[in-house]
Amino acid sequence: MGEWVGVAIALLSSCLGGTAAAITRYLAGNTDPITLAILRWGIGFACVLPAALLLKARWPKRQDWPAVAALGFAFFGVFFVLYNIAMSYTTAARASLALATLPLHTMVVGALLGIEPLTRRKLIGVCIAVLGVSAALATGLSAAPPGAWRGELIMTAAVLCMAFYNVWSRPFIQRSSALGFLTLGMGTGALALVVVRSLTGSIAALSQFGAPQWIAGVYLGFAGGALAFILWVLALQRASPTRVANTMTINPVAAALLATQLVGEPITPNLVVGLVAVFAGIWIATSEVKKA
């Protein structure tokens, strides 16, 4: 039952992440990738920190700080700069399709590190889900912008960062708390981004934002930053890394649905068929009966 609760929480997080992809695509033409990451995690950290203090979250132990900070830098820093760069080259749906390979990356990383065994049922479920996403977005591939392959390649490299984050996070979360772990990692990533930006330039681009851009930016920081990742680490606390990562296959569908409204990206009938395949794959991977 705890695994199913974790998967349900991860599904909600992945849906929020999909809408954040569309918002990122919308804002990508107005600012650079580092500034966009600072906007997301600055607002996100400003929401998460008071919540952690108010709820008296249990913080990681002192000996875990270097590892938790390193994970935060790799994920909230490196991963999301690469993520934002990828979004500047391709559509939200295509970038999210590359992101949907996360379950495969997580399974491989977990198996290589000896953390989570790779079973036939998990493999079948993840493959069905990923193939479902591919089918859902296949008709839009020929209409991709020039040079879109660069975005998908960069996003694939970024996914590897998230796979290691998923696999290595759970022990630290269990020794502290989901909110305490998230706050320290997110704060480290946000601080690193601010330091890099102070050394390389300014964030003057934000002064050019109008009301629609600021509304989108606040949503990106609150829903796509704070809320989505509070839910993500709560899911990692309750379910295995592969099962949590498998819900990422819903991300491109949510991204495509919002992107069609924000930036005019088309929705095809294949999305409905792909959505059915996605949920079928998630059910197969998460309904494996444990042996007594």
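The values are calculated or read from the model by the stated rules, or taken from the named source; none is laboratory data. From a predicted model like this one, the values you see are computed outputs, not experimental measurements. Methodologically, a virtual Cβ is constructed for each residue, glycine included, from the backbone with ideal geometry; neighbour enumeration extends over all protein chains shown. Only protein heavy atoms, including side chains, enter the accessible area calculation; ligands, DNA and RNA are left aside. Shrake-Rupley method; radii C 1.70, N 1.55, O 1.52, S 1.80 Å.
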Per the list (1) in a helix (DSSP H, G or I); (2) open to solvent by 40 Å² or more (accessible area, probe 1.4 Å); (3) of a type outside the set (Lys, Arg); (4) at pLDDT below 80, residue check on Ser202 breaks on (1)
Residue list for region 13-67, restricted to those being within 14 Å of Val81 (Cα to Cα) and aromatic (Phe, Trp, Tyr)
Trp41
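Taking Ala67, is it touching an Asp or Glu at 6+ places or on another chain (Cβ under 6 Å) and on the phi < 0 side of the Ramachandran plot? Let's see the steps before the verdict.
On the way: touching an Asp or Glu at 6+ places or on another chain (Cβ under 6 Å): no; on the phi < 0 side of the Ramachandran plot: yes.
No, not satisfied.
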Please enumerate the residues belonging to region 163-192 that are aromatic (Phe, Trp, Tyr) and more than 16 Å from the chain's Cα centre (by Cα).
Phe172, Phe181
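Going by the conditions given, is Leu55 open to solvent by less than 40 Å² (accessible area, probe 1.4 Å), modelled with pLDDT under 90, within 25 Å of Tyr219 (Cβ to Cβ) and not hydroxyl-bearing (Ser, Thr, Tyr)? Please lay out each step first, then the result.
Values: open to solvent by less than 40 Å² (accessible area, probe 1.4 Å): no; modelled with pLDDT under 90: yes; within 25 Å of Tyr219 (Cβ to Cβ): yes; not hydroxyl-bearing (Ser, Thr, Tyr): yes.
It is false that Leu55 is open to solvent by less than 40 Å² (accessible area, probe 1.4 Å), modelled with pLDDT under 90, within 25 Å of Tyr219 (Cβ to Cβ) and not hydroxyl-bearing (Ser, Thr, Tyr).
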Checking Ser176 against (1) buried (at least 23 other Cβ atoms within 10 Å of the Cβ); (2) within 20 Å of Pro50 (Cβ to Cβ); (3) not β-branched (Val, Ile, Thr), which test does it fail?
(1)
List every residue pair whose Cβ atoms lie under 8 Å apart, where the two residues are 6 or more positions apart in sequence or sit on different chains, the first residue falls within region 86-104 and is open to solvent by 10 Å² or more (accessible area, probe 1.4 Å) and basic (Lys, Arg), and the second residue, located anywhere, is in a helix (DSSP H, G or I) and modelled with pLDDT of 80 or more.
Arg94/Gly151; Arg94/Glu152
Would you be able to tell me the number of residues in region 176-216 that are in contact (Cβ under 8 Å) with a residue 60 or more places away in the chain and among the aromatic types (Phe, Trp, Tyr)?
2
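Given Val68, Val7, which one is at pLDDT below 90, open to solvent by less than 30 Å² (accessible area, probe 1.4 Å) and more than 30 Å from Gly210 (Cα to Cα)? Lay out the reasoning, then the answer.
On the way: Val68 fails: at pLDDT below 90.
The unique qualifying residue is Val7.
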Exactly one of these conditions fails for Pro60: (1) in a helix (DSSP H, G or I); (2) under 20 Å from Ser169 (Cβ atoms); (3) not charged (D, E, K, R). Give me its number.
(1)
Can you name the number of the only condition in (1) touching a residue at least 40 places away in the same chain (Cβ under 8 Å); (2) open to solvent by 20 Å² or more (accessible area, probe 1.4 Å); (3) not hydrophobic (A, V, I, L, M, F, W, C) that Gly151 fails?
(2)
Those residues of region 236-263 which are small (Gly, Ala, Ser) and within 21 Å of Ala216 (Cα to Cα) amount to Ala254, Ala255, Ala256, Ala259
Of the residues in region 50-94, those that are in contact with a Ser or Thr (Cβ under 8 Å, 6 or more places away or on another chain) and among the polar types (S, T, N, Q) number 1
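Let's see how each residue does on (1) open to solvent by less than 40 Å² (accessible area, probe 1.4 Å); (2) basic (Lys, Arg); (3) in a helix (DSSP H, G or I); (4) at pLDDT below 90:
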residue: Val126; (1), (2), (3), (4): yes, no, yes, yes
residue: Gly132; (1), (2), (3), (4): yes, no, yes, yes
residue: Pro146; (1), (2), (3), (4): no, no, no, yes
residue: Arg170; (1), (2), (3), (4): no, yes, yes, yes
residue: Gly187; (1), (2), (3), (4): yes, no, yes, no
residue: Ala190; (1), (2), (3), (4): yes, no, yes, no
residue: Ser207; (1), (2), (3), (4): no, no, yes, yes
residue: Ala223; (1), (2), (3), (4): yes, no, yes, no
residue: Val233; (1), (2), (3), (4): yes, no, yes, yes
Odd one out for Phe164, checked against (1) in contact with an Asp or Glu (Cβ under 8 Å, 6 or more places away or on another chain); (2) modelled with pLDDT of 80 or more:
(1)
